[in-house]
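Colleague: Input: one structure, supplied below.
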Amino acid sequence: MVSTALPRLVVAAPSSGSGKTTVATGLMAAFTAAGLEVSPHKVGPDYIDPGYHALATGRPGRNLDAYLCGPELVAPLFLHGAAGADVAVVEGVMGLYDGAAGLGELSSTAQVAKLLRAPVVLVVDASSQSRSVAALVHGFASWDPEVRVAGVILNKVASDRHEELLREALDACGVPVLGVLRRAERMRTPSRHLGLVPVAERRAEAAGAVAELAERVRSGCDLKALIALAHSAPPLPDEPWAPP
(Lines give C-alpha, C1' and ligand atoms only; values in the text may rest on other atoms or scores of the structure.)
Protein backbone atom coordinates (compact mmCIF):
# COMPACT_ATOMS: atom_id res chain seq x y z
CA MET A 1 0.00 0.00 0.00
CA VAL A 2 1.34 3.44 -0.94
CA SER A 3 0.94 6.22 1.62
CA THR A 4 -0.54 9.50 0.39
CA ALA A 5 1.03 12.78 1.51
CA LEU A 6 -1.57 15.55 1.54
CA PRO A 7 -1.19 18.71 3.63
CA ARG A 8 -4.36 19.18 5.68
CA LEU A 9 -5.97 21.04 8.58
CA VAL A 10 -9.14 20.60 10.60
CA VAL A 11 -10.80 23.82 11.78
CA ALA A 12 -12.73 23.10 14.98
CA ALA A 13 -14.16 25.00 17.95
CA PRO A 14 -15.32 24.45 21.53
CA SER A 15 -18.94 25.02 20.46
CA SER A 16 -21.17 26.17 17.64
CA GLY A 17 -21.14 29.92 17.08
CA SER A 18 -17.43 30.32 17.80
CA GLY A 19 -16.51 31.28 14.22
CA LYS A 20 -15.61 27.97 12.53
CA THR A 21 -17.30 28.85 9.26
CA THR A 22 -15.79 32.35 9.23
CA VAL A 23 -12.28 30.98 9.70
CA ALA A 24 -12.58 27.84 7.56
CA THR A 25 -14.16 29.62 4.58
CA GLY A 26 -11.85 32.61 4.89
CA LEU A 27 -8.82 30.33 5.12
CA MET A 28 -9.90 28.35 2.06
CA ALA A 29 -10.36 31.57 0.10
CA ALA A 30 -7.07 33.07 1.34
CA PHE A 31 -5.09 29.95 0.43
CA THR A 32 -6.78 29.91 -2.98
CA ALA A 33 -5.94 33.57 -3.56
CA ALA A 34 -2.33 32.72 -2.73
CA GLY A 35 -2.27 30.31 -5.66
CA LEU A 36 -2.92 27.02 -3.88
CA GLU A 37 -5.36 24.37 -5.08
CA VAL A 38 -7.55 23.92 -1.99
CA SER A 39 -9.81 20.93 -1.34
CA PRO A 40 -12.73 21.92 0.93
CA HIS A 41 -14.47 19.50 3.30
CA LYS A 42 -17.17 19.66 5.99
CA VAL A 43 -17.75 17.23 8.85
CA GLY A 44 -21.33 15.96 8.91
CA PRO A 45 -24.21 16.07 6.43
CA ASP A 46 -24.43 19.88 6.22
CA TYR A 47 -25.23 21.01 2.66
CA ILE A 48 -25.07 24.80 3.16
CA ASP A 49 -21.49 25.42 4.33
CA PRO A 50 -20.06 23.35 1.43
CA GLY A 51 -21.67 25.81 -0.98
CA TYR A 52 -19.60 28.62 0.53
CA HIS A 53 -16.53 26.38 0.54
CA ALA A 54 -17.01 25.74 -3.18
CA LEU A 55 -17.34 29.46 -3.82
CA ALA A 56 -14.10 30.06 -1.89
CA THR A 57 -12.05 27.40 -3.68
CA GLY A 58 -13.61 26.66 -7.07
CA ARG A 59 -13.82 22.96 -6.12
CA PRO A 60 -16.83 20.96 -4.90
CA GLY A 61 -17.43 21.16 -1.16
CA ARG A 62 -17.42 17.58 0.16
CA ASN A 63 -18.91 16.06 3.31
CA LEU A 64 -17.16 13.67 5.68
CA ASP A 65 -19.75 11.83 7.76
CA ALA A 66 -18.70 8.76 9.74
CA TYR A 67 -22.31 8.15 10.78
CA LEU A 68 -23.57 7.82 7.21
CA CYS A 69 -20.61 6.16 5.49
CA GLY A 70 -18.84 4.43 8.39
CA PRO A 71 -15.48 5.47 9.89
CA GLU A 72 -13.56 3.18 7.54
CA LEU A 73 -14.57 5.24 4.49
CA VAL A 74 -13.80 8.70 5.86
CA ALA A 75 -10.12 8.78 4.84
CA PRO A 76 -10.65 7.07 1.44
CA LEU A 77 -13.46 9.51 0.56
CA PHE A 78 -11.33 12.41 1.76
CA LEU A 79 -8.44 11.35 -0.49
CA HIS A 80 -10.79 10.83 -3.42
CA GLY A 81 -12.22 14.34 -3.06
CA ALA A 82 -8.83 15.96 -2.52
CA ALA A 83 -7.14 14.45 -5.58
CA GLY A 84 -4.88 17.02 -7.22
CA ALA A 85 -5.07 19.49 -4.34
CA ASP A 86 -2.14 21.27 -2.68
CA VAL A 87 -3.86 21.43 0.70
CA ALA A 88 -7.15 20.37 2.26
CA VAL A 89 -9.15 22.33 4.84
CA VAL A 90 -11.81 20.50 6.84
CA GLU A 91 -14.45 22.51 8.71
CA GLY A 92 -15.70 20.76 11.82
CA VAL A 93 -19.21 20.52 13.19
CA MET A 94 -20.57 21.78 16.53
CA GLY A 95 -17.99 21.46 19.33
CA LEU A 96 -14.80 19.48 18.71
CA TYR A 97 -15.90 16.45 20.73
CA ASP A 98 -19.65 16.55 19.97
CA GLY A 99 -20.82 13.47 18.09
CA ALA A 100 -23.99 11.53 17.40
CA ALA A 101 -26.17 11.50 20.52
CA GLY A 102 -25.48 8.51 22.74
CA LEU A 103 -22.78 7.09 20.43
CA GLY A 104 -19.64 8.55 21.96
CA GLU A 105 -17.25 10.16 19.50
CA LEU A 106 -18.98 8.79 16.39
CA SER A 107 -19.37 11.46 13.72
CA SER A 108 -17.57 14.11 15.81
CA THR A 109 -14.94 16.46 14.48
CA ALA A 110 -12.46 14.81 16.84
CA GLN A 111 -13.12 11.39 15.31
CA VAL A 112 -12.65 12.72 11.77
CA ALA A 113 -9.43 14.49 12.79
CA LYS A 114 -8.09 11.20 14.17
CA LEU A 115 -9.15 9.23 11.10
CA LEU A 116 -7.37 11.80 8.91
CA ARG A 117 -4.37 12.14 11.25
CA ALA A 118 -4.83 15.87 10.82
CA PRO A 119 -3.74 18.71 13.09
CA VAL A 120 -6.60 20.71 14.60
CA VAL A 121 -6.82 24.50 14.73
CA LEU A 122 -9.20 25.54 17.51
CA VAL A 123 -11.26 28.68 16.88
CA VAL A 124 -12.12 30.26 20.23
CA ASP A 125 -14.70 32.96 20.85
CA ALA A 126 -12.56 35.09 23.16
CA SER A 127 -15.20 37.69 23.98
CA SER A 128 -15.90 38.18 27.69
CA GLN A 129 -12.78 36.32 28.85
CA SER A 130 -9.05 36.78 29.26
CA ARG A 131 -6.98 34.39 31.41
CA SER A 132 -9.75 31.78 31.35
CA VAL A 133 -9.00 31.16 27.68
CA ALA A 134 -5.93 29.16 28.75
CA ALA A 135 -8.04 26.77 30.85
CA LEU A 136 -10.45 26.31 27.97
CA VAL A 137 -7.73 25.57 25.41
CA HIS A 138 -5.81 23.34 27.81
CA GLY A 139 -8.96 21.29 28.45
CA PHE A 140 -9.66 20.75 24.76
CA ALA A 141 -6.01 20.02 23.95
CA SER A 142 -5.61 17.44 26.71
CA TRP A 143 -9.03 15.72 26.67
CA ASP A 144 -8.06 13.14 24.04
CA PRO A 145 -4.32 12.57 23.53
CA GLU A 146 -5.00 11.22 20.03
CA VAL A 147 -6.42 14.58 18.93
CA ARG A 148 -3.64 17.01 18.08
CA VAL A 149 -4.83 20.53 18.89
CA ALA A 150 -1.89 22.31 17.29
CA GLY A 151 -2.96 25.95 17.18
CA VAL A 152 -5.54 28.50 18.25
CA ILE A 153 -7.25 31.30 16.36
CA LEU A 154 -8.80 33.85 18.70
CA ASN A 155 -12.07 35.31 17.44
CA LYS A 156 -14.02 38.39 18.57
CA VAL A 157 -11.02 40.02 20.25
CA ALA A 158 -11.98 43.50 21.45
CA SER A 159 -8.71 45.46 21.50
CA ASP A 160 -4.92 45.35 21.51
CA ARG A 161 -4.99 45.10 25.33
CA HIS A 162 -7.47 42.22 25.18
CA GLU A 163 -5.21 40.43 22.68
CA GLU A 164 -2.19 41.00 24.93
CA LEU A 165 -3.99 39.42 27.91
CA LEU A 166 -5.12 36.43 25.84
CA ARG A 167 -1.66 35.80 24.41
CA GLU A 168 -0.07 36.11 27.85
CA ALA A 169 -2.48 33.52 29.25
CA LEU A 170 -1.88 31.12 26.37
CA ASP A 171 1.91 31.37 26.56
CA ALA A 172 1.95 28.75 29.32
CA CYS A 173 -0.52 26.49 27.54
CA GLY A 174 1.81 25.18 24.86
CA VAL A 175 -0.65 25.76 22.01
CA PRO A 176 0.48 28.59 19.71
CA VAL A 177 -1.78 31.45 18.66
CA LEU A 178 -1.96 31.35 14.86
CA GLY A 179 -4.42 34.18 14.36
CA VAL A 180 -6.44 36.93 15.98
CA LEU A 181 -9.67 38.25 14.51
CA ARG A 182 -11.08 41.47 15.91
CA ARG A 183 -14.68 41.82 16.96
CA ALA A 184 -16.52 43.12 13.92
CA GLU A 185 -19.97 43.86 12.63
CA ARG A 186 -21.80 40.77 11.43
CA MET A 187 -20.56 39.67 8.03
CA ARG A 188 -22.95 39.67 5.09
CA THR A 189 -23.90 36.02 5.63
CA PRO A 190 -27.56 35.94 6.72
CA SER A 191 -28.78 32.93 8.69
CA ARG A 192 -32.02 31.09 9.24
CA HIS A 193 -33.11 27.89 11.01
CA LEU A 194 -30.67 25.53 9.23
CA GLY A 195 -27.70 27.90 9.24
CA LEU A 196 -26.50 30.25 6.50
CA VAL A 197 -28.74 31.08 3.56
CA PRO A 198 -27.54 28.84 0.67
CA VAL A 199 -25.20 30.32 -1.92
CA ALA A 200 -27.66 29.54 -4.72
CA GLU A 201 -30.17 31.99 -3.22
CA ARG A 202 -27.70 34.90 -2.95
CA ARG A 203 -24.73 34.20 -5.21
CA ALA A 204 -23.58 37.81 -5.78
CA GLU A 205 -23.78 38.74 -2.09
CA ALA A 206 -22.23 35.40 -1.10
CA ALA A 207 -19.21 36.05 -3.33
CA GLY A 208 -18.71 39.41 -1.64
CA ALA A 209 -19.01 37.83 1.80
CA VAL A 210 -16.41 35.18 0.96
CA ALA A 211 -14.03 37.87 -0.29
CA GLU A 212 -14.47 39.74 3.01
CA LEU A 213 -13.79 36.57 4.98
CA ALA A 214 -10.63 35.93 2.97
CA GLU A 215 -9.34 39.42 3.73
CA ARG A 216 -10.14 39.11 7.45
CA VAL A 217 -8.29 35.81 7.69
CA ARG A 218 -5.38 36.98 5.53
CA SER A 219 -4.84 40.09 7.65
CA GLY A 220 -5.48 38.45 11.03
CA CYS A 221 -3.88 35.01 10.69
CA ASP A 222 -0.38 33.69 10.10
CA LEU A 223 -0.96 31.95 6.77
CA LYS A 224 2.64 30.74 6.54
CA ALA A 225 2.37 29.06 9.95
CA LEU A 226 -0.98 27.53 9.03
CA ILE A 227 0.29 26.06 5.76
CA ALA A 228 3.39 24.78 7.58
CA LEU A 229 1.09 23.12 10.12
CA ALA A 230 -0.90 21.53 7.29
CA HIS A 231 2.36 20.14 5.89
CA SER A 232 3.13 18.56 9.27
CA ALA A 233 0.31 16.03 8.83
CA PRO A 234 1.77 12.56 8.22
CA PRO A 235 1.05 10.55 5.04
CA LEU A 236 -2.23 8.63 5.09
CA PRO A 237 -1.95 4.87 4.53
CA ASP A 238 -5.46 4.66 3.03
CA GLU A 239 -6.24 4.22 -0.65
CA PRO A 240 -8.48 6.85 -2.27
CA TRP A 241 -12.05 5.64 -2.75
CA ALA A 242 -12.93 4.74 -6.32
CA PRO A 243 -16.40 4.11 -7.72
CA PRO A 244 -17.13 0.41 -8.39
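The values are calculated or read from the model by the stated rules, or taken from the named source; none is laboratory data. Predicted, not measured: the structure shown is a model, and the values here were computed from it. Note: ideal-geometry Cβ built from the backbone for every residue, glycine included; neighbour counts use all protein chains shown. Heavy atoms of the whole protein, side chains included, go into the accessibility calculation; ligands, DNA and RNA do not. Shrake-Rupley method; radii C 1.70, N 1.55, O 1.52, S 1.80 Å.
Colleague: What whole-number distance in Å separates the alpha-carbon centres of the range 6-65 and the range 152-172?
Modeller: The range 6-65 and the range 152-172 have Cα centres spaced 24 Å from each other.
Colleague: While we're looking at this one, here's another question. Would any residue of the range 112-151 have its amide N under 13 Å from a label point 7 Å out along Cα→Cβ of GLU164? List them or say none.
Modeller: Within reach of a label on GLU164, which here means backbone N under 13 Å from a point 7 Å along Cα→Cβ, the range 112-151 contributes nothing.
Colleague: Please list, in chain and number order, the residues 5+ apart from LEU181 or on another chain whose amide H is under 5 Å from its amide H, with Hs placed from the backbone.
Modeller: Long-range HN contacts for LEU181: LEU154, ASN155, LYS156, VAL157.
Colleague: Counting only heavy atoms of protein chains, what accessible area per residue, in Å², does the range 9-94 have with a probe of 1.4 Å?
Modeller: 31
Colleague: Ranked highest first by the average count of other Cβ atoms within 10 Å around their residues, in what order do 127-133, 233-239, 144-150, 50-56 fall?
Modeller: Taking the mean over residues of other Cβ atoms within 10 Å, the ranking is 50-56, 144-150, 233-239, 127-133.
Colleague: Applying 1/(1 + (r/R0)^6) with R0 = 41 Å to the Cβ-Cβ distance of ALA242 and TRP143, what FRET efficiency is obtained, to the nearest 0.05?
Modeller: 0.70
Colleague: Okay, next question. Starting from 0.36 nm per residue, how many nanometres of slack lie between SER128 and ALA34 once their C-alpha separation is accounted for?
Modeller: Length difference between fully extended and current span is 30.5 nm.
Colleague: Expressed in whole Å with the largest first, what are the equivalent ellipsoid semi-axes of the chain derived from the C-alpha gyration tensor as the square root of 5 times each eigenvalue?
Modeller: So the equivalent ellipsoid measures 26, 22, 17 Å along its semi-axes.
Colleague: Shape call for the range 35-128 from the C-alpha gyration tensor, a ≥ b ≥ c root eigenvalues: rounded (a/c under 1.5), prolate (a/b greater than b/c) or oblate?
Modeller: oblate
Colleague: Further question: In µm²/s, what is D for the range 74-140 at 37 °C and 0.692 mPa s, where D = kT/(6 pi eta Rh) by Stokes-Einstein and Rh is the Kirkwood radius from Cα pairs?
Modeller: Calculated translational D: 237 µm²/s.
Colleague: Dividing the convex hull volume of the alpha carbon atoms of the range 1-77 by its residue count, what do you get in Å³ per residue?
Modeller: 111
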